[in-house]
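Worksheet: the structure to be examined is printed underneath.
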Amino acid sequence: MHSFDVLVIGGGHAGVEAACAAARMGARTGLVSFDLDAIGAMSCNPAIGGLGKGHLVREVDALDGVIGRAADAGAIHYRMLNRSKGSAVWGPRVQADRVRFKAAVQGIVRAQTNLTLVQGEAAALMLTGGRVAGLELADGTILDAPRVVLCTGTFLGGVLFRGEERFEGGRIGENAAKRLAQQLRGADLPMARLKTGTPPRLDGRTINWAVLEEQPSDGEAWTMSPLTPARLNRQVFCAITRTTQAGHDAIRANLHRSPLFSGAIAAAGPRYCPSIEDKIHRFGDREGHQVFLEPEGLDTHMVYPNGISTSLPVDVQETVVRTMPGCERVAIVQPGYAVEYDHIDPRALTPDLQLRAIPGLYCAGQINGTTGYEEAAAQGLVAGLEAAAAALGKQAPTLDRANSYIAVMVDDLTLQGVSEPYRMLTARAEYRLRLRANNAATRLTGLGIEAGCIGDERRAWWERRENLRKMFHVKHSERVHARKLADMGLPVRRDQGEKPLAEWLRYDGVTPEALAPWLADVTALDPLLAEEMAEDAAYAPYLARQDAELRDLRASEALPLSADFPYGEVPGLSNEMVERLTRAAPGTLAAAGRVPGVTPAALSALLVHARRLANGQRAA
Amino acid sequence: MSDLPTIFALSSGAPPAGVGVIRVSGPQAGAALAALAGRMPDARRASLARLRGADGALLDEALVLWFPGPNTATGEDLAELHSHGGRAVIAAVEAALAALPGLRRAEPGEFTRRAFANGRIDLAEAEGLGDLLTAETELQRAAALANLGGALSRQVEGWRERVLALSAEVEAVLDFSDEEDAAALPECFTWNIAALADELREWLARPRSERLGEGFRVVLAGPPNAGKSTLFNALVESEAAITSPIAGTTRDVIERAVAIAGVPFTFTDTAGLRDAGDDAIEAIGIARAEAELARADLVLWLGPEGAGPAGAWEIAAQADRDGFTPKAAALYTLSAATGAGLAALKTALVEAARASLPKPGEAALNARQYARLTEAEEAVRAAEHLTDPLLVAEELRRARLAFDRLIGRATTEDMLDTLFGRFCIGK
């Protein structure tokens, strides 16, 4: 009864996805958490998605993950970021009611077949011959499992900072998994520290909303998951305020009391999400910084002021927030704080997120140096799928930089490591034009069905959609003369002859709406698919060019470099190059090219040496 | 590497010659040197040795050099045998080397390839080396040396950095659009892109390195008996003939490649231009002459004033002859027979050639590099005219990719094979 194929430690976003993905693959899976009621808790910002992050949510969802559906269940505010730019960088984002989100996650987890929830504190890993064999709980219970996924977030050696105060633990009010942390340290894994922070939570009843600019939920009908038929909750609005000179002065006067500046926290924090004291310190000339006031739920008065994460003492926090317009009388319900925590250098992981040093042990989420629910969820999904596939002798879906942001992230982490908390950005994906948030299902669900990790409901949805796609293709290939379009007032020259509609869609001003006479009937069957196919048509020349690039890439992906590749023996490689490559242990020549700092000459040397070794092995 | 064969080849010109330099590179180079010379010479010091074959027979008395790796031209152990350059001697030494275990003859380009594989040179430098070794004139040598020294690589790195900076600005707009700091592209963005595109175009318009091989093409034209052949001989006779210009097919034109003051020229003497009348063979000759004129960099016109092709230099030749009719606007009046005016013409030719050939010491692009740079220029130019930042970013990424390929970062084996296929054995 205490035996599993896959054991997942941690019930955060990574742990939930890992456990559910493993279970969907058919593995007997256990999910161990301190507190089963905390599964699905959102520890920071009550928002899911955003630029780059929205892509991850849609991809996890496309592989039948949890986060997209749970986000819809909790959503009280929908916003498509970057709407004015090309659709490949649109960022779907929702604000979620914490209670509803958590309830949805727990509902999905409890309904998942093959998944057992185990309440308890993970005390120590059981190892046999250097391999993972299971887990010992603090109460002495032994759980056997050949594959264990660590999703312990900031619980690993986490320390909270608030002004001069220090607390141990990951989130306020929970214990850090110290024994497990000691064990991992003892295993001599490459570890480092990072920091992150949260803002104070405000009582919405003490905010003067009337004087603030409102940001309503957008008026459209999209949802995070296509399996959510419509928006479920009442929609609320956010408000925008800003910090002021008076607040900045208060921060400056108290900088020495912030652990970030007193030297108490040495670890690197995220550059793209700096604390308010960082912003004031680095961009002192700015008159104010935008702050989004985001309601945390329908049944709570808590408000999350997005943009002022801080570790200043409570009294300073109070002074600062009260200098913001609309917040003159605001009450802080819970002060903000910074967390410094341990993470494993993700270059110690193979692309399936398994620790090279401890076979059978997988790591996902913040423990790998990332930040964000979405990043955590995506890694959890990968680790869960891979662990289950390994335990069952199956094949996980093949993800690469050309088919998913998920793979971009895993590749970046395992090859480049992190110097600050890793957050997804669309700029990280070189094949961004084909990796759109709105075509995640097209890219991934088919792969998921092949691998066996897609449930019946999504499978039925996907198959219906694929049939529709064929109808769209037929419609898009219909040839229409330029004259006809010009007569309709479209900006095309009359002498351009006859072209398929797909080609006309590349022209500026020729929108799917403008082609309604031909496309309206299929569009009505699935407007989202219509949008996706129109974008494919518009981007076609760029995608075709990338295809050629991808052929080259896949050719050098085909040249494998073993984990113990003798970089030290490659002639002409500098010590620095040898060190970088050894640490990152790229799986292929193409991956070696993405290891930072690796020069063209080094790459060529590697190519020749690897081929030489391969030839030698063939001859032997 | 023990599994890597040791290679050898004659590195100097084809025998017979005064000295024949045989290079040996690879793990067995030291052993091979000891086997032939009977002892191990001091590293990096020339010494005299008697070379003997396996049977002990004396092959030659030679200067031998020993360079232990990895700080050698190929990055491997390297030996050089400077023997006498007679055909039989070279053949005997090569045969003795071939008989040693683990040694074989080098394939074309293999020495350079190993230098590249061992990280001694990068791709642009390798190409520079290839050009250097085939250089026959001072100008070719200087251009090749510039590439070998990494001048092109540095230039490309500079462009790549600029594109990276531009990319960063677009990405900020794409990924942080909600931040006030990154709401829109700065005003100078398009201007900067355009400036880069212009700079790339200017580079593309520069003389290419192949031009150095072909030389500056000068065609002598005019009616029969205008003095073309006399002038032709006067121009080429005293100069060093060079042999590398593109393979000429047999044609009814005489072509000579020479270097004047270190600048490569190809001089062409055409059949006399006139109406062919009934003579079919001569008609063919004239057609070819016209084709030569079309691809000439410069035409020296020796015919009646104003009757030559546009842009031709009016030459008044045969100034020493009786009945010489001077041209009103002759650029040069000369007598090939007496040599009068010839020096001035040569100086002017060298000046004209220098202007149209790559400048000494300046990196020049070869065909491969030109293609990559064209790709980069197209992408940057496209980025300049696009409004969707997403597509701007994609074009800038394409430009970076082209730069990467130019300096061999995103290299494929095919490209390497093509590149190294053009080296001669032993280089």
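Things worth noting here:
- On association of chains B and A, roughly 3700 Å² of accessible area becomes buried (total for both chains; probe 1.4 Å).
- Distant-in-sequence amide H partners of A:Leu81 (H built 1.01 Å from N, under 5 Å): A:Gly91, A:Arg93
- Normalised per residue, the volume of the convex hull around the Cα set of chain A (Å³): 184
- Three principal axis lengths of the range B:343-383 [C-alpha, angstrom, descending]: 50, 17, 15
- Given A:Lys102/A:Lys195; A:Lys53/A:Lys499; A:Lys85/A:Lys195; A:Lys85/A:Lys475; A:Lys195/A:Lys394; A:Lys53/A:Lys102, the pairs whose alpha carbons are separated by over 29 Å: A:Lys53/A:Lys499; A:Lys85/A:Lys195; A:Lys195/A:Lys394
- In this structure the amide hydrogen of A:Ser404, modeled in the peptide plane, comes within under 5 Å of no amide hydrogen from residues 5 or more places off or on another chain.
- Computed [θ] at 222 nm, deg cm²/dmol, the protein assembly as shown (DSSP H ≥ 4; -39,500 (n - 2.57); rounded to nearest 500): -12500 deg cm²/dmol
- Across the range B:316-326, coupling constants 3J(HN,Hα) worked out from phi with the 6.51/-1.76/1.60 Karplus curve, θ = phi - 60°, read 9, 9, 6, 5, 7, 7, 5, x, 4, 9, x Hz, and Gly and Pro carry x.
- Over the range B:46-109, the ratio between the Cα radius of gyration and 2.2 N^0.38 Å evaluates to 1.17.
- Taking all protein chains together and rolling a 1.4 Å probe, A:Leu581 ends up with roughly 0 Å² accessible.
- Sparse packing (at most 14 other Cβ atoms within 10 Å of the Cβ) combined with a DSSP loop state is found for the following trypsin sites (Lys or Arg not before Pro) in the range A:328-387: A:Arg329.
- Annotation: amide H-H contacts under 5 Å for A:Gly134 (H modelled 1.01 Å from N, sequence separation of 5 or more, or interchain): A:Met126, A:Ala145.
- Shown here for the range A:228-322: GluC sites (Glu not before Pro) in loop regions (DSSP other than H, G, I, E, B) with at most 14 other Cβ atoms within 10 Å, namely A:Glu287.
- Overall form of the range A:176-224 per C-alpha gyration tensor (a/c, 1.5; a/b vs b/c): prolate
- Using θ = phi - 60° and Karplus 6.51 cos²θ - 1.76 cosθ + 1.60, couplings along the range A:466-471 (whole Hz; Gly, Pro as x): 5, 5, 4, 4, 4, 4
- Inter-part distance where the range A:276-309 and the range A:56-109 are each reduced to a Cα centre, Å: 22
- Gap separating the Cα centres of the range A:491-555 and the range A:193-210, nearest whole Å: 44
- In sequence order, calculated HN-Hα J values of the range A:71-81 (Karplus, 6.51, -1.76, 1.60; Hz; x Gly/Pro): 5, 4, 5, x, 5, 10, 6, 10, 8, 8, 6
- Alpha carbon convex hull of the range A:455-544, projected area averaged over orientations, nm²: 6.3
- Binned Cα-Cα distances of the range A:495-571, short to long, each 5 Å bin given as a whole percent: 3, 12, 16, 14, 11, 9, 8, 6, 5, 5, 5, 4, 2, 0
- Stokes-Einstein D (µm²/s) once Rh is taken as the Kirkwood radius of the range A:373-438 over alpha-carbon pairs, at 4 °C in 1.567 mPa s: 101
- Taking the centroid of alpha carbons for each part, the range A:372-411 and the range A:28-49 are 19 Å apart.
- Note on the range A:69-123: semi-axes of the ellipsoid equivalent to its C-alpha gyration tensor, largest first and rounded to whole Å, are 32, 13, 11.
- Expressed as a whole percent, the proportion of Cα-Cα pairs in the protein assembly as shown lying more than 46 Å apart is 48%.
- Applying the criteria of a DSSP loop state and at most 15 other Cβ atoms within 10 Å to the trypsin sites (Lys or Arg not before Pro) of the range B:1-74 yields B:Arg39, B:Arg44, B:Arg45.
- Longest DSSP-loop-exposure-free segment, chymotrypsin sites (Phe, Trp or Tyr not before Pro), chain A, at most 15 other Cβ within 10 Å: A:284-620
- Using a probe of 1.4 Å, the accessible surface attributed to A:Arg83 totals some 90 Å² when neighbouring protein chains are kept in position.
- Over the range A:199-310, volume per residue of the alpha carbon convex hull, in Å³: 156
The values are calculated or read from the model by the stated rules, or taken from the named source; none is laboratory data. Because the structure is predicted, anything quoted here is derived from the model rather than measured. Glycine also receives a Cβ, built like all others from the backbone with ideal geometry; neighbour counts cover every protein chain displayed. For the accessible areas, the whole protein counts, side chains as well, though only heavy atoms, and no ligand, DNA or RNA atoms are used. Shrake-Rupley method; radii C 1.70, N 1.55, O 1.52, S 1.80 Å.
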